[in-house]
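Some notes on the structure that comes next.
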Amino acid sequence: MGKMAAAVGSAATLAAEPGEDAFRKLFRFYRQSRPGTADLGGVIDFSAAHTARGAGPGAPKVVRSQLSVCSVSESDALRAGLQPVSTWRAYGLEGYPGFIFIPNPFLPGYQWHWVKQCLKFYPQKPNVCNLDKHMAREENQDVWEQSKALLRCKEVTKRRPRSLLEKLRWVTLGYHYNWDSKKYSADHYTPFPSDLAFLSEQVAAACGFQGFQAEAGILNYYRLDSTLGIHVDRSELDLSKPLLSFSFGQSAIFLLGGLRRDEAPTAMFMHSGDIMVMSGSSRLLNHAVPRVLPSAQEGNLPLCLGTPLPAALPRDTVVEPCSVEDQQLCASYLKTARVNMTVRQVVATDQDFPVEAAEESERDITKEGICHLEDKITHGKRVRLDPDS
């Protein structure tokens, strides 16, 4: 108990010290944290029964969030692979109006559909990914097929090269996000996946956002040594709409700060299946991911991924069957990785995409750069990739 109090105290001390901004200090603290130790004693775990008391001295109080239960029928929730909204647990934090955290509302086994989509289908052309900067279009036309042989290997070793899938860092869906101009491109629009649009619409409606339209998605692919730097998502033209975040695979620490970086952030766990909604006053807050946390027994999957997708699916579901081979390959990938999908509405319902934003697409998208989704490469260099910073 004394060690845990010391760790929580050290995090609070770092946040209060003058000089470098409080957010970055805590980012570094959690990036270097040791799983299974008191370092994580101040991290809120919304999936635990005691979350209503918060975590650590000075932590924001965890409160229950009200959902719009009647806005999503049980049949529509089932179509998206979700439990009835009446059974969801939703939380917020005092001082963060508009922030909603929903611990894994997916039906048992249904996460596998979304994992498979993120790994097998969403990276396919014409969607844009980080590999386009280094490879000809035909070389990464089908990342999944080109990665299957290597993914069948049980372990990643120094002798075994990484597959294309393991080199994937981001994919954009719908309106393509230009990392250089920090604007969305209308000319590089690709059809937004109908299944992900339906899932997003149900989650948004349950959180009180009727009429939400999924127009852009950014998929981030994390290895165990990856981090997502401090940033604000402000490039959407209609900021009144929420940002939806879906996590799958290994757990991570998420830091939610304030409007300025001298405001200390609140740390929380993101587990597989968890959904976060940033809206209202929380839509423009600084946030980051300093740490991906491997399972307690290295190389294992989270317990919620221990159930396969049911063989018999509802007739009108947007969820598709997942073969044994596909699930095995997805599982092999997720043992050392996590995937995050963020879905956004870019323009208002009655708004046209501005001409100047479309003109930005004339920039060569294969030369776009830099973001703060980082991971260490074996030779010590870092690859930097990131959504709006």
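The values are calculated or read from the model by the stated rules, or taken from the named source; none is laboratory data. Here the structure is a predicted model, which is why all the values come from computation and not from measurement. Every residue, glycine among them, receives a Cβ derived from its backbone with ideal geometry; neighbour counts consider all protein chains shown.
Residues that are outside any strand (DSSP E or B) and either within 30 Å of Tyr175 (Cα to Cα) or of a type in the set (D, E, K, R) (or both) do occur in the range 298-309. Counting just the residues of the range 233-254 that are over 14 Å from the mean Cα position of the chain (by Cα) and under 22 Å from Ile102 (Cβ atoms), which one comes out surrounded by the most Cβ atoms within 10 Å (Cβ to Cβ)? By that ranking, first place goes to Pro242.
Using the structure shown, decide if Lys133 is modelled with pLDDT of 90 or more and farther than 30 Å from Ala264 by Cβ. Answer is no for this residue. Contact map, the range 260-282: residues that are more than 20 Å from Ser200 (Cβ to Cβ) paired with residues that are outside any strand (DSSP E or B) and of a type in the set (Val, Ile, Thr), Cβ distance under 6 Å, separation 6+ or inter-chain. Pairs shown: Ala267/Val43; Phe269/Val43. Residues of the range 198-216 include none that is modelled with pLDDT of 95 or more, within 13 Å of the chain's Cα centre (by Cα) and among the aliphatic types (A, V, I, L, M). Taken over the range 90-114, the criterion of being more than 30 Å from Gly280 (Cβ to Cβ) and either touching a Phe, Trp or Tyr at 6+ places or on another chain (Cβ under 6 Å) or not in a helix (DSSP H, G or I) (or both) is satisfied by Pro108, Gly109. Within the range 255-262, does at least one residue satisfy the condition of being touching a Cys at 6+ places or on another chain (Cβ under 9 Å) and surrounded by 23 or more Cβ atoms within 10 Å (Cβ to Cβ)? Within the range 255-262, not a single residue is touching a Cys at 6+ places or on another chain (Cβ under 9 Å) and surrounded by 23 or more Cβ atoms within 10 Å (Cβ to Cβ). The requirement of being surrounded by fewer than 19 Cβ atoms within 10 Å (Cβ to Cβ) and part of a helix (DSSP H, G or I) is satisfied by Leu150. When Thr227, Thr266 are checked against the criterion of being under 23 Å from Pro123 (Cβ atoms) and buried (at least 20 other Cβ atoms within 10 Å of the Cβ), a single residue qualifies: Thr227.
Evaluation of Cys330 against the conditions (1) surrounded by fewer than 18 Cβ atoms within 10 Å (Cβ to Cβ); (2) of a type outside the set (A, V, I, L, M); (3) in contact (Cβ under 8 Å) with a residue 40 or more places away in the chain shows that the sole unmet condition is (1).
Filtering the range 281-334 down to residues that are of a type in the set (Asp, Glu) and more than 11 Å from Trp112 (Cβ to Cβ), which residue is modelled with the lowest pLDDT?
It comes out as Glu298.
For (1) closer than 26 Å to Lys25 by Cα; (2) of a type in the set (Gly, Ala, Ser), each residue gets a yes or a no:
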residue	(1), (2)
Phe209	no, no
Leu228	yes, no
Asp233	yes, no
Ala288	yes, yes
Ser295	yes, yes
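The set of residues from the range 49-85 being outside any helix (DSSP H, G or I), modelled with pLDDT under 95, within 23 Å of Gly98 (Cβ to Cβ) and out of contact with any Gly (no Cβ under 9 Å at 6 or more places or on another chain) comprises just one member, Gly54.
Exactly one residue out of Ser163, Ser147 is small (Gly, Ala, Ser), closer than 18 Å to Cys322 by Cβ and at pLDDT below 95: that is Ser147.
Take Ala206 and tell me if it is in contact with a Leu (Cβ under 7 Å, 6 or more places away or on another chain), of a type in the set (A, V, I, L, M) and more than 26 Å from Ser75 (Cα to Cα).
Answer is no for this residue.
A single entry from Gly211, Gly229, Gly249 fulfils the requirement of being within 28 Å of Asp350 (Cβ to Cβ), of a type outside the set (Val, Ile, Thr) and in contact (Cβ under 8 Å) with a residue 60 or more places away in the chain: Gly211.
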